[in-house]
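Engineer: If you scroll down you'll find the structure; I have some questions about it.
Here, each number is a calculation from the coordinates, and none is a lab measurement. What you are looking at is a predicted structure, and each value in this text was computed from that prediction instead of being measured. Cβ placement follows ideal geometry from the backbone for every residue including glycine, while neighbour counts extend to all protein chains displayed.
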Amino acid sequence: MTKPMGSHRTANGGRIDRSRPLSFMFDGVTYGGFAGDTLASALLANGVHLVGRSFKYHRPRGVLTAGADEPNALVQLERGARTEPNLRATQVELYQGLVATSVNAWPSLTHDLGAVNQLLSRFFVAGFYYKTFMRPKVLWDRVYEPFLRRMAGLGRAPELPDPDIYDKMHVHCDVLVVGAGPAGLAAALAAGRTGARVILMDEQAEAGGSLLSSAESLDGKPAPDWVADALAELASLPAVRVLQRTSVFGYYDQNFLCAVERRTDHLGPGARPGLSRQRLWHVRAARVVLATGAHERPLVFADNDRPGVMQASAVATYVRRFGVRLGSRAVIFTTNDSAYDAVDALLAAGIGIAAVVDSRPDPGPRAEAARAAGVVVHAGCVVAATHGTRRITGVEVRGCEGGVLAPAGLRLSCDLLAISGGWSPAVHLFSQSQGRVRWDEAKLCFVPGEAAQAQTSAGACNGTFGLGAVLAEGLAAGASAAHLAGFGDGAVPATPAVAEVAAAPGDALWLVPGLKPLGRAGKHFVDFQNDVTAFDIRLAAREGFESVEHVKRYTTNGMATDQGKTSNVNGLAILADTLGRAIPEVGTTTFRAPYTPVTFGVMAGRDLGEMLDPVRTTPIHAWHVARGALFEDVGQWKRPWYFPLAGEDMHAAVRREAKAVRDGLGVLDASTLGKIEIRGRDAGVFLDRIYTNLFSKLGIGRCRYGLMCKEDGMVFDDGVTARLGPDHYYMTTTTGGAARVLDWLEDYLQTEWPDLEVYCTSVTEQWSTIAVSGPRARDLLADLAPGMAVDPESFPFLSMREGMVAGLAARVFRISFTGELSYEINVPSHLGLAMWQAVMAAGARHGITPYGTETMHLLRAEKGFIIIGQETDGTVTPLDLGMDWIVSKQKDFVGKRSLTRSDTARADRKRLVGLLPEDEGEVLPEGAQLVEMAGGTPPVPMLGHVTSSYWSPNLGRSFALALIKGGPERLGQIVFAPLAGGRTVKARIVEPVFLDREGSRQNG
Amino acid sequence: MKQRFSAFTLLRNGLSWHENWQRQWRSPDPKPAYDVVIVGGGGHGLATAYYLAKEHGITNVAVLEKGWLGGGNTGRNTTIVRSNYLWDESAALYEHSLKLWEGLSADLNYNVMLSQRGVMNLAHNLGDVREAQRRVHANRLNGVDAEWLDTAGVKEFCPIINTSPDVRYPVLGATLQRRGGTARHDAVAWGYARGADARGVDIIQNCEVTGFDIEGGAIVGVQTTRGAIRTSKVGVVAAGHNSVLAAKAGIRLPLQSHPLQALVSEPIKPVHDCVVMSNTVHVYVSQSDKGELVMGAGIDGYNSYAQRGSFHIIEHQMAACLELFPIFSRLRMLRTWGGIVDVCPDASPLLTKTPVAGLFINGGWGTGGFKATPGSGHVFAHTIARDEPHPLAAPFSLDRFTTGALIDEHGAAAVAH
């Protein structure tokens, strides 16, 4: 279906490009518009006023505003992977082929079944769901809640991943100006002329703000021409950057602000492949000038939500800026002067005006001017009711004095109702900056109080209205901001000449009486999108919800996607009136980021997929990949898990690898282990305090295994540390614990023992470690390092040597995590792969077999060696692990005091033991809980759990390690592991060392 | 007699234009003396007052709230309810709480919208899998419903999760507690307030406690911004400000306060029907009945009493969210906020007597207090009423930091060599 294009356009004028027609589709109908239109202006120019349905009652709704405060005109934009829900049509720029659908209506916008809710609206008041649907619970679970969920929500999420990309920028500037209306442009000019680095960010496609739809002139120029000149000047200043389509949404501590720049949305989906769709700006500004304008408040009267009811300022904008004939007969309902601007716009466009309804008994000079132009002005009157369903058709006008309606009045027919209840400065960013707002009783709005950061508010967002005053304030703010940032002398440029407009004060009319008592005929909407009415606010107050935060939460006022831009102050004023208090006594709700909703994707930026977290690989990684290794994630590292040969599963591969190490020779890439250089006069003392055992007496060239505990005495990390020189140690940590351990060391050095002279440096990435293990390891090393004495006397267990290995300078540590004769060959990382290849080549004749973490885990478990995070979980002491031998009785160390606490010293703590399942083929699941007797009903007392469990080719059977209450006292006893599905596995408690108890293999 | 809430009364009041609804709670001036004073009008404090009145017949109780009730962490959390904790002591306490949750709407005559849609805790590496399975085994023996799902099971339970093996941290499986879910956080505070008020409890808002009156090592009253109040029993339930208040009584608590942020998206039609939590990728996500995606992650690292955090934390959590749910990329964040959580060194709460006779403390719930609200109030009321710990509260006493009987729920450090 195609509708004739632009049937509701003015003959000429506006900032649309009439030479560039565009077609678009809304709810399946094709319409025409022009470049420069928003989706809202284009729809209105086609006479489409019904654009949405409300959240709860599914009331027909039209476009209320022309900006970010729009509560009604929400659309689902586009289809497929690029579809996007809940966009405000007032902010969507029109492009060729745009496809939009209304949200929250079924089967169609004009015939919406959800509208049945209107019939029940008498019962669906604020918080009704807290009072019912309670019994029986099963109905809540199965019927009520699923129904509520289906009714709720607005648009739909895409069903496919986002094809677009996003990026981020980080900038510093001297002056950040937020908003390019008259105040913001003036501030940017004044600051920019000083040479300061100025960034001007504005949410609209075009700079100018209210000037784009203003009929005023500046220095004799039409407002839009002045804007063009200002932009030209800003463009000529090299230190000034102007960013349009950029919404500053968050104001954080230390003048840190975040903004989203929409780079391609206005071009249509996929128009610029490779270009980021949106960009997140992080700005650190020396000074900030907020020039964010103000939002016009709707009036709260009966049935104030019909399509065709629009903010007066939006009426002026659509007529002047977009050339839209909004209707043929308008009524203007206002409490203040600003709506007369809409009167002027309508008159100029030749749109009929039925009357102006001004609540003020003496509306002042603007009303007189309107009357002089032939407009009927009903002073001291209000709109008490409206007519129409899918479009307003008429209003009931009544005199109103002291909140009481005159008994009779007149009915005016109309198809457009422009409303103005005054203005609310956009203090959102000011409030986010921790500034406190204050109520200005004369201006009837919240205005910024004292600034909490290096910031100034200028123009309407500061409660300053009237173009001359706004420009003057903007210029002063810009000049001052630059000066305070070290630029210019603070002199304020001359304010452009603008015509003085005589003004009269506005009227505080927060709730317009209806023809019947509140709530009984018609609805007085406060929050349009969430369908919160004045009646709901009264009800909340009646039920004891007196805090504005309670009323907000109970009624949901201000919690819609517009974040209460049009509803907060009206809601607050109605609450204050209900409670009989002044508005400032009731307070205001806190404004939190974001000012307008922010796309998830732009916050994630490029940090997705591989970039979510850096992938760390060793210099030997490519070799492992080529060899067909499967990998395990250990922290950020990719570690070879096992190296299957053709046809092997993990079990078979591990069996082969494990046999190879015990019987011949295996090689492991151990480069991922954390490595920390510890140097300085007090390095030994420091390690004595950190480790449970003594390191200051360790001989140079010797290695020692150490445990470190947290203050609570629980094991935190472990590893071998070697002494390379008098003031020089080389610590190794677990792979996943490296960063934590370094933080821990630094924490103690910097905060507890600043007197120690010790320096810690991570060298994990600087060294590659190749562990060769097995009975043939010495033969291999002898082959590779002919100049190194490798006999047991010259190179004993737990010592290190420096020398040439395969022609490369290396450090060789004789330590073992498998219980076999082992050497760990360390070379600088760039030589890691070369050394690995040399080891593989020389090892060929020994049958060298690369093995992965799974085999490593199995082999160490056969020896009863622990793994941090597997045998420990932050609740295990060295003594629980049976490692009393490593805990010094002589010296103090972190955690020592805790080891003597009554619970920590308890005899029946969970302690490390071995387990042998009765069925030698049965591998207990790791994590299985152990109980004393099979059966029983929960809660079943648990003795402990299986920490590690394997099938060992070396033992020819399954075995496990476990932590069991009083474990060492239970040797020989049987425990049970109840598994899912009701099966129970029986196992016998044994010593946790299964192989080579005397250590002759590793020590020999 | 308090007006009952039901479909019938809703209908009847609808017909009378809702003019006859009573206040859900009174707004009394403080009396000079109470049997018990509860400091902190959040969910835990209100629940404590409710159970003091309901279970122990102690109705001369005041709840003192420095702001508006439910305005702290009760109104700032991500509303997740579950009980699948590892250790016996925790599982018993949280399961007690979950059982109370299951009857809470009926008990309070207030629909707290408990939504048992299932909570999945994802595992992304072999260490996660080991710990998750350990927790499942322990939960079952403790009578807490728990299942282990493999990757296919995760996909079936929550089809929109990206379970591709090619992502940075593939989903290797998950634990599932089907009885877990969410509840409407504000309603919990309001429901307890209404229930306590109906039993005679005075709920006093905008009343800040500025000091404690202690004589001979025993509490005799509190000083407030609305005057002195005499009492022999005080329960401090002030979350992020517990340590500040305890210091006024001369007690140094083992607590650190941190900001914890959360956010919601704009409301969308139902797309995500359960709660998904991931410690490794670090985000948790559910969808509210209103249609908003509700999500959170970890604490801000620094200590603070300001109810706001840093934006980079949200950026990081959003990356984690999109890694798990790529279809959410074009949705938009509507609101963010922060609360102040008080964290014990062992990540378990305090439900405890103190060295000051008559002064009791309930806190240290860290990032997970909401789910405990009914159970916490229930056992804390018992502890105050009997002046001795409820058996479920006993392990959470302050002296565990002296004896070493810690209940370390940091979750096992999933680290391997």
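Engineer: Which of B:19, B:208, B:131 moves the most in a Gaussian network model of chain B with Cα springs under 10 Å?
Structural biologist: Highest fluctuation among the options: B:19.
Engineer: Using the membrane-span-like helix rule (whole DSSP H runs, Cα extent along the own axis of at least 24 Å, mean Kyte-Doolittle hydropathy at least -1.0), which helices of chain A qualify?
Structural biologist: A:467-484
Engineer: Which percent, nearest 5, of DSSP beta bridges in the protein assembly as shown are antiparallel?
Structural biologist: On the way: 181 of 248 bridges.
Close to 75 percent.
Engineer: Also, I was wondering about something else. Given a Förster radius of 45 Å and the C-beta distance between residue A:515 and residue A:450 as r, what FRET efficiency does 1/(1 + (r/R0)^6) yield to the nearest 0.05?
Structural biologist: 0.50
Engineer: How big is chain A by the Kirkwood estimate over distinct Cα pairs, in Å?
Structural biologist: Details: mean 1/r = 0.0293 Å⁻¹.
Here the Kirkwood hydrodynamic radius works out to 34.2 Å.
Engineer: So, one more: Given 4 °C and 1.567 mPa s, how large is the Stokes-Einstein diffusion coefficient of the stretch A:868-981 in µm²/s, with Rh as the Kirkwood radius over Cα pairs?
Structural biologist: 84 µm²/s
Engineer: When the helices in the protein assembly as shown are scored as -39500 (n - 2.57) per DSSP H run of 4 or longer and the sum is shared across all residues, what 222 nm value do you end up with, to the nearest 500 deg cm²/dmol? If you can, show how the numbers build up before the last one.
Structural biologist: Details: 34 runs with 322 residues, N = 1421.
After summing the helix terms and dividing by residue count, I get -6500 deg cm²/dmol.
Engineer: Something else about it: In µm²/s, what is D for the stretch A:917-989 at 37 °C and 0.692 mPa s, where D = kT/(6 pi eta Rh) by Stokes-Einstein and Rh is the Kirkwood radius from Cα pairs?
Structural biologist: 264 µm²/s
Engineer: P(r) for the stretch B:342-417, please, calculated from all Cα pair distances in 10 Å bins and given in %.
Structural biologist: Percent of pairs per bin, in order: 19, 50, 24, 6, 2.
Engineer: In addition: How far, in nm, would the chain grow between residue A:160 and residue A:919 when pulled straight, counting 0.36 nm per residue and subtracting the alpha carbon separation?
Structural biologist: 268.3 nm
Engineer: Note down the Stokes-Einstein diffusion coefficient of the stretch A:600-673 in µm²/s, whole number, using a Kirkwood radius over alpha carbon pairs, 37 °C, and 0.692 mPa s.
Structural biologist: Details: Rh = 14.3 Å.
Result for D is 229 µm²/s.
Engineer: In addition: Enter the per residue convex hull volume of the stretch A:1-70, computed from alpha-carbon coordinates, in Å³ rounded to the nearest integer.
Structural biologist: 97 Å³
Engineer: Return, ordered by residue number, the residues of the stretch B:168-195 whose backbone nitrogen is under 15 Å from a label point located 7 Å along Cα→Cβ of residue B:99.
Structural biologist: none
Engineer: Right, next: How high is the FRET efficiency from residue A:167 to residue B:225, r the C-beta distance, R0 45 Å, rounded to 0.05?
Structural biologist: Using R0 = 45 Å, I get an efficiency of 0.35.
Engineer: Rounded to the nearest 0.05, what FRET efficiency do residue A:590 and residue A:239 give with R0 = 45 Å and r taken as the Cβ-Cβ distance? Could you check? Let's see the in-between values first.
Structural biologist: Details: r = 35 Å, r/R0 = 0.78.
Between residue A:590 and residue A:239 the formula returns 0.80.
Engineer: Also: With axes computed from alpha carbons, what is the tilt in degrees of helix B:311-324 against the longest principal axis of chain B, rounded to the nearest 10 within 0 to 90?
Structural biologist: 50 degrees
Engineer: Would you mind checking the radius of gyration and Dmax of the stretch B:168-229 based on alpha-carbon positions, in Å?
Structural biologist: Taking only Cα atoms of the stretch B:168-229, I get Rg and Dmax of 21.4, 61 Å.
Engineer: Tell me the trypsin sites (Lys or Arg not before Pro) within the stretch A:905-960 that lie in a loop according to DSSP and have at most 16 other beta-carbon atoms within 10 Å.
Structural biologist: Those that pass, being in a loop and sparsely packed, are A:906.
Engineer: Another question, then. Tell me the angle of helix B:126-141 to the major Cα principal axis of chain B, expressed in degrees between 0 and 90 and rounded to the nearest ten.
Structural biologist: With both axes taken from Cα atoms, the answer is about 50 degrees.
Engineer: In nm, to one decimal, how far is the residue B:305 label point from the residue A:663 one, both placed 7 Å along Cα→Cβ?
Structural biologist: 7.0 nm
Engineer: Once you have the alpha carbon radius of gyration of the stretch B:13-142, what is it after dividing by 2.2 N^0.38 Å, with N set to its residue count?
Structural biologist: Ratio of Rg to 2.2 N^0.38 Å for the stretch B:13-142: 1.40.
Engineer: If you take the charge dipole of the stretch A:563-698 about its Cα centre, with +1 on Lys and Arg Cβ and -1 on Asp and Glu Cβ, which of A:686, A:605, A:566 is farthest toward its positive end?
Structural biologist: So the residue we want is A:686.
Engineer: With a point put 7 Å past each Cα toward its Cβ, work out how far residue A:219 is from residue A:150 in nm, to one decimal.
Structural biologist: Rounded to a tenth, the inter-label distance reads 6.4 nm.
Engineer: What Rg and what Dmax come out for the stretch A:114-210 when only alpha-carbon atoms are used, in angstroms?
Structural biologist: For the stretch A:114-210, the Cα radius of gyration and maximum Cα-Cα distance read 25.4, 71 Å.
Engineer: Given 0.36 nm per residue, what is the gain on full extension from residue A:254 to residue A:841 after removing their alpha carbon distance, in nm?
Structural biologist: 205.4 nm
Engineer: In the stretch A:907-929, whose amide N lies under 20 Å from the spot 7 Å out along Cα-to-Cβ of residue A:649? List them in ranges.
Structural biologist: Residues A:919-927 fall inside that zone.
Engineer: Here's a follow-up. Report the extension gain between residue A:743 and residue A:727 in nm, rounded to one decimal, defined as 0.36 nm multiplied by the number of residues separating them, less their alpha carbon distance.
Structural biologist: Full-extension gain reported as 3.7 nm.
Engineer: With each label point set 7 Å from Cα along the Cα-Cβ vector, what nm distance links residue A:25 and residue B:17?
Structural biologist: 4.9 nm
Engineer: For residue A:565, go through the lysines and keep the ones whose alpha-carbon is under 24 Å away, minus same-chain ones fewer than eight residues off.
Structural biologist: Leaving aside lysines fewer than 8 places away in the same chain, those within reach of residue A:565 are A:56, A:443, A:523, A:552, B:269, B:290.
Engineer: Run through all the Cα pairs of the stretch A:939-979 and give the fraction in each 10 Å bin from 0, expressed as whole percent.
Structural biologist: 23, 51, 23, 2
Engineer: Quick one: angle between helix B:373-386 and the longest Cα principal axis of chain B, in degrees between 0 and 90, rounded to 10, please.
Structural biologist: With rounding to tens, the tilt is 30 degrees.
Engineer: I've got another one for you. Could you give the spread of the C-alpha atoms of the stretch A:32-122 along their three principal axes, from largest to smallest, in whole angstroms?
Structural biologist: 44, 29, 22
Engineer: With just the Cα atoms of chain B, tell me how far they stretch along each of the three principal axes, in Å, largest first.
Structural biologist: Between the extreme Cα coordinates on each principal axis of chain B lie 66, 62, 41 Å.
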